[in-house]
Each structure stands twice: as C-alpha cells, then as structure tokens.
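Trainee: Shown below is the structure under consideration.
The values are calculated or read from the model by the stated rules, or taken from the named source; none is laboratory data. All values derive from a computational prediction rather than experimental measurement. Cβ placement follows ideal geometry from the backbone for every residue including glycine, while neighbour counts extend to all protein chains displayed.
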C-alpha cells in the first residue's frame with residue numbers, strides 16, 4: 001500500500017529554476033490565461049500557519065446522510081458503522097446528527113425502513129429527533145436539503161462537516177441509491193441544487209464534505225462541492241463494505257472541533273487503512289483529501305489542455321494516439337465486460353502520458369492537481385492513482401450517448417465536454433478493426449530454449465498507427481472433432497515492433513490455472529511493476545469478476561478479491577471488492593468460441609472450493625491435449641481482430 005501526503009507543493013525542475021541547498025525554494029509553473037507563457041505559483045504557506053490565523057472552533061456539527069440500500073438490508077454495513085460512532089469518545093463540543101432511510105431493512109433496534117428518521121448521537125447511543133417523517137426518497141434533492149437545513153438550524157456550531165454514506169457511481173451515476181424508490185440516485189447536479197438551497201437557507205458553509213462511497217473522488221464532484229466546502233474527502237476506486245472507521249473520527253472531532261478538513265482527512269485515511277488491514281481489504285483501497293479552493297484553477301488548466309487535444313483530433317492517427325494514452329491511464333471501477341466500466345480515469349496519470357505531446361498544458365494540470373490533492377493513499381488495485389479522477393468515455397461504448405447526455409446536464413466547462421463527445425463519437429464510428437491481408441502465423445523453435453516455440457506474424461504497416469495493444473490468446477480444443485475452443489484468456493507476453501509491425505510470443509505449454517483448473521483471464525491494466533487481470537466467475541452463486549494482480553518481478557499472482565460489477569437494471573455499482581474466504585465456492589466462467597458461427601459464449605468450468613494458501617493461481621504445465629495459440633489485435637476503437645491460430649499438442 002502506498003501512503004502519500006502532500007505538505008508542500010510539487011517540485012518541478014526547470015533550467016529557469018535555481019534551487020538552494022540550504023533553503024529549498026519550490027516554484028510551480030502553470031499555463032494560465034490566454035498566453036503561452038509560464039506563470040510562477042507562490043509556494044503554499046504551511047498548513048499550520050493557515051489554521052492558526054482562523055478563529056478557533058469551540059463546537060462542531062457532523063451531519064451524516066445515510067442511505068442504507070442493500071449495504072444495510074443485505075450486508076448490515078450501516079449498522080456496523082453506527083456501532084463505531086457509538087464507540088467514539090463523545091463530548092459536548094461535538095454534535096453528530098444523522099438522517100437514515102433508503103433501505104428495505106435495518107438491523108439496528110429502533111431504526112426502521114417504513115419511514116425516514118433523524119438521530120442525534122448521545123453518550124447513551126442514538127436519540128431519535130423530531131416528529132415521525134414519512135418514507136422519504138433519499139435520492140430527492142429536497143430530502144437532502146431539508147435534512148441539512150434541519151441539522152444546521154437545530155444544532156448550530158462554529159464548523160460543520162457532511163458525510164454522504166452509500167453507493168457511489170462516479171461523475172455520471174452519482175450517489176445514493178434508494179432501495180425503496182427503484183434505486184433512484186442523486187446526480188451531481190441534484191447534489192449541487194440541494195446543498196445550494198440548504199446553505200442559502202441556513203447560512204452555513206462546510207469545513208469538509210466526505211463521500212463514504214465508491215468512485216466519488218472526481219474533479220466533477222469536487223467542482224460541484226467547491227462552493228459549499230473547504231475540503232472534500234473521497235475515494236477514486238471502489239470502497240470495501242466496511243468503509244470509513246467512525247470511532248476515531250468521532251473521537252478526534254470531539255477532542256478538537258478546530259481540526260481543519262485536511263487534519264481530519266489524515267485521521268480518516270489512517271483509520272481507514274488500519275481497518276482495511278484488519279479486514280483484509282488493504283490491497284483494494286484508495287482515498288483522497290482535496291483542497292477545493294484550487295478546483296477552479298485546475299478546471300481552467302483542464303480546459304486549456306482539452307482545447308489543444310481537441311484541436312489535434314483531425315486524423316485517425318491523432319485519434320489513435322489519444323486513445324492509446326486513455327487506454328494506458330489508470331482507470332477505476334473496471335470489469336471484464338465493457339458495460340462493467342465506469343470510464344473514470346485518473347487525471348494525473350492521464351496528463352502525464354500527454355506531456356511529450358502537450359508539455360505546457362499537461363504541466364499546468366499536474367501543478368494545479370498538486371494543489372488540490374492534499375493527501376492520498378492507494379494500493380495494489382490502482383498503483384498509479386494520483387488522487388482525483390475524471391470521466392473520459394472509452395470502454396462502455398453501448399452507453400456513450402446516454403452517459404454523455406447526463407454529463408452535459410452538469411453544466412461543466414465546455415472545452416472538456418466537447419473533447420470527450422468528439423472523441424467518443426469518433427471511437428463509436430469505427431467498427432472495422434484491423435484488416436489482415438495475411439493473418440497466417442509462422443512457428444519456429446526458440447533459439448534460447450529448445451522447449452519453447454516462437455509464434456509470430458506481421459501487422460500491415462498501413463494500419464500500425466491504429467493499434468493500441470496486441471495480446472496472445474490461448475485456446476483449448478473441447479475435443480478432437482469439435483470446432484469449439486475454450487478461450488483461456490489474453491496476456492501481454494508478446495513483443496511488438498511498432499516500426500516493422502512484427503509480433504511474436506514464446507510458449508512452452510504453461511498457462512495460468514486456478515487450483516490446477518482452467519480459467520479465462522482478461523488483462524485490464526498494465527503497469528511498470530504489475531498487471532491487473534479479471535477472471536469472470538460465480539462466487540457462492542453470484543456472478544463476479546475476480547481481481548488478480550501479477551507481480552512482474554516475482555512472477556506471482558495474487559487474488560485481490562471479488563467484485564459483482566454493475567447491475568444492468570439499476571446501474572448500481574457494487575461497492576465491495578470482497579476478499580476470498582475459506583469455503584468459498586468458485587465456478588470459473590470459460591469463454592467458448594465456435595469456429596463455425598464465429599460466436600462466443602460463457603460456459604461453467606470446474607467448481608473450486610477456496611482454501612487460503614492452498615488454492616493458488618499460478619502458471620503450470622497444462623493437461624495433455626490440443627491447444628491453439630494466436631493473437632488478438634485491439635485498435636484505438638477497441639475493435640478486436642483475431643489472427644489465425646497455431647495448434648499445439650501438450651503431452
């Protein structure tokens with residue numbers, strides 16, 4: 001796990017800078033305004049100085065908008081967090097006020113599903129407040145507005161914080177799925193409208209706003225929250241079911257209501273990590289603390305960057321280059337199927353990949369991002385996460401138009417919206433793929449190892465610029481006479497000469513198996529030190545993707561956990577990447593390819609009962625039989641083109 005805190009500005013070296021050894025002077029450069037010149041950013045004062053100049057807060061009111069949904073009715077996750085709040089050391093300096101609803105069943109006494117409820121945390125537990133409310137739709141802006149106004153009016157304090165507790169779906173899907181109202185959710189626009197009304201009604205501003213939910217550390221969310229709060233705390237990636245650890249949060253605020261959002265953010269990150277380590281989810285977490293004062297500047301830099309990228313999208317080669325950058329950038333909420341992708345990508349990782357093409361604009365975005373992201377943590381599931389994501393449609397082509405229509409309603413700056421709409425339209429319009437004039441393979445014995453075979457082919461030069469990635473594909477024939485093949489997955493263990501178009505791979509009869517059984521494993525992200533794969537499977541009767549991390553240096557595979565993906569009917573993003581437990585029943589879904597029809601479908605593999613330390617994912621010599629090895633080419637529009645396959649006998 002990678003824990004990073006930014007106490008000082010990011011250092012950018014330039015020939016124009018003079019760095020003193022005794023007194024390090026950090027100068028940040030940003031592309032700002034209409035000119036092309038660099039403008040120096042003043043170093044930020046230490047956070048302690050900023051806080052010392054603010055009036056000391058003697059009281060704090062923390063509001064919790066808890067939409068229970070299936071997280072409570074099925075997993076009892078809300079009840080678990082309620083117990084953590086009760087365990088905190090409360091004082092008369094802190095008010096903790098909640099509104100609960102949105103679930104068909106609550107597992108805490110006195111909490112019911114038939115009506116919305118408001119609560120205040122006391123030394124003796126939760127005290128219900130006010131008159132009985134009807135069963136309110138927690139995804140209605142007026143419901144949120146009324147709660148915030150109620151809490152601010154009845155429990156005034158020097159400072160305020162607001163927690164949004166439930167599912168999150170990123171910039172497009174929003175937050176807060178109400179189980180009692182057809183899984184309705186609050187869009188970012190509705191969140192803005194509710195908070196705008198509530199802050200006008202009450203006259204308050206928030207010290208921090210937090211999302212104990214998946215995928216909400218987005219620049220779009222930060223932009224919408226920036227008029228109402230100094231800080232925002234949220235996760236770029238999925239959150240485990242246990243979510244935040246509320247006992248130390250309550251204790252910290254009760255002890256010191258003057259804590260800034262950045263200081264409390266440190267408490268939240270540290271306790272979140274500790275609980276993740278105790279729950280075995282430490283390999284799948286991210287969390288960010290964001291200074292919202294600089295979001296406008298970051299968006300301005302993004303607009304400048306988007307303009308130059310948009311101006312470059314006149315040819316297929318330019319589109320392909322941008323698609324390559326987007327494909328390689330860190331992504332969040334990813335699954336085996338295109339519709340199981342949130343299409344949220346990391347801003348810092350994306351613009352880093354554009355530095356050579358657009359140096360000043362990319363640098364400006366990076367510099368302002370360094371001002372926005374105060375602290376962050378990440379882990380094996382997203383090693384390149386820099387703290388803030390953005391919606392950049394690429395994978396989920398079937399829902400491009402619907403998602404972009406929602407995105408347009410957010411009223412965000414125009415240049416970036418024009419970029420992603422033009423990009424997605426160009427991507428969707430290309431459905432031809434790579435045309436291989438000669439897809440035949442050649443096979444030879446490896447000069448380095450007589451037990452390895454070398455399989456290779458050549459991509460036509462006229463289409464080389466359209467290629468995003470080339471993968472090897474292994475298939476196992478069902479039987480000698482069948483035209484059906486089990487596709488055992490894709491891997492990037494290939495050499496690809498982008499100048500000549502020559503592609504080659506070596507194979508020695510070994511492939512990755514789970515407990516010695518076939519699985520279909522898809523490569524979804526590549527990094528310098530690791531790869532991320534998914535294995536489609538059934539886990540105890542539920543369809544899931546198993547997330548797998550491969551350590552390139554050690555050659556070892558680690559199963560990070562199981563994710564249910566996106567519900568096709570509700571659009572609900574599953575919150576939990578659940579670690580595997582002893583006794584879990586795994587049935588891999590194997591992709592079956594029919595050579596006669598050209599269609600593929602999934603069939604059940606052999607059932608595996610998981611046992612920690614015994615059920616291993618590892619490369620092994622495959623069982624005796626006939627296998628086919630070939631390649632699949634992915635172009636910039638994600639069309640897949642398969643080559644011919646070479647047949648091998650493994651004995």
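Trainee: Checking residue 138 against (1) in contact with a helix residue (DSSP H, G or I) (Cβ under 6 Å, 6 or more places away or on another chain); (2) assigned to a loop (DSSP other than H, G, I, E, B), only one condition comes out false. Which one?
Mentor: In the conditions (1) in contact with a helix residue (DSSP H, G or I) (Cβ under 6 Å, 6 or more places away or on another chain); (2) assigned to a loop (DSSP other than H, G, I, E, B), residue 138 misses (1) alone.
Trainee: Within region 71-91, how many residues turn out to be at pLDDT 95 or above and either in a loop (DSSP other than H, G, I, E, B) or outside the structural domain of residue 161 (by TED's automatic domain parsing) (or both)?
Mentor: So the answer is 5.
Trainee: Between 491, 431, 451, which is surrounded by fewer than 18 Cβ atoms within 10 Å (Cβ to Cβ), closer than 23 Å to residue 510 by Cα, out of contact with any helix residue (DSSP H, G or I) (no Cβ under 9 Å at 6 or more places or on another chain) and in contact (Cβ under 8 Å) with a residue 12 or more places away in the chain?
Mentor: On inspection, the qualifying residue turns out to be 451.
Trainee: While we're here: If the requirement is being within 21 Å of residue 168 (Cβ to Cβ) and at pLDDT 95 or above, which of these qualifies: 64, 97? Full working, then the answer.
Mentor: Working: 97 fails: within 21 Å of residue 168 (Cβ to Cβ).
Only one candidate passes the filter, namely 64.
Trainee: Could you pull out the residue among 572, 539, 590 that is modelled with pLDDT of 95 or more and not assigned by TED's automatic domain parsing to the domain that holds residue 334?
Mentor: On the way: 572 fails: modelled with pLDDT of 95 or more; 590 fails: modelled with pLDDT of 95 or more.
Going through 572, 539, 590 in turn, just one is modelled with pLDDT of 95 or more and not assigned by TED's automatic domain parsing to the domain that holds residue 334: 539.
Trainee: Can you tell me which residue is nearest to residue 521 (Cα to Cα) among those in region 321-373 that are assigned to a loop (DSSP other than H, G, I, E, B) and over 19 Å from the mean Cα position of the chain (by Cα)?
Mentor: The extreme case among them is 354.
Trainee: Is it the case that residue 318 is assigned by TED's automatic domain parsing to the domain that holds residue 396, more than 22 Å from the chain's Cα centre (by Cα) and either part of a helix (DSSP H, G or I) or in contact (Cβ under 8 Å) with a residue 24 or more places away in the chain (or both)?
Mentor: It is true that residue 318 is assigned by TED's automatic domain parsing to the domain that holds residue 396, more than 22 Å from the chain's Cα centre (by Cα) and either part of a helix (DSSP H, G or I) or in contact (Cβ under 8 Å) with a residue 24 or more places away in the chain (or both).
Trainee: Another question, if that's okay. Tally up the residues in region 53-70 that are in a strand (DSSP E or B) and more than 19 Å from residue 111 (Cα to Cα), please.
Mentor: Summing the residues that are in a strand (DSSP E or B) and more than 19 Å from residue 111 (Cα to Cα) in region 53-70 gives 3.
Trainee: A further question follows. Might you check whether a residue that is closer than 30 Å to residue 427 by Cβ, outside the structural domain of residue 316 (by TED's automatic domain parsing), assigned to a strand (DSSP E or B) and in contact with a helix residue (DSSP H, G or I) (Cβ under 7 Å, 6 or more places away or on another chain) occurs anywhere in region 611-631?
Mentor: no
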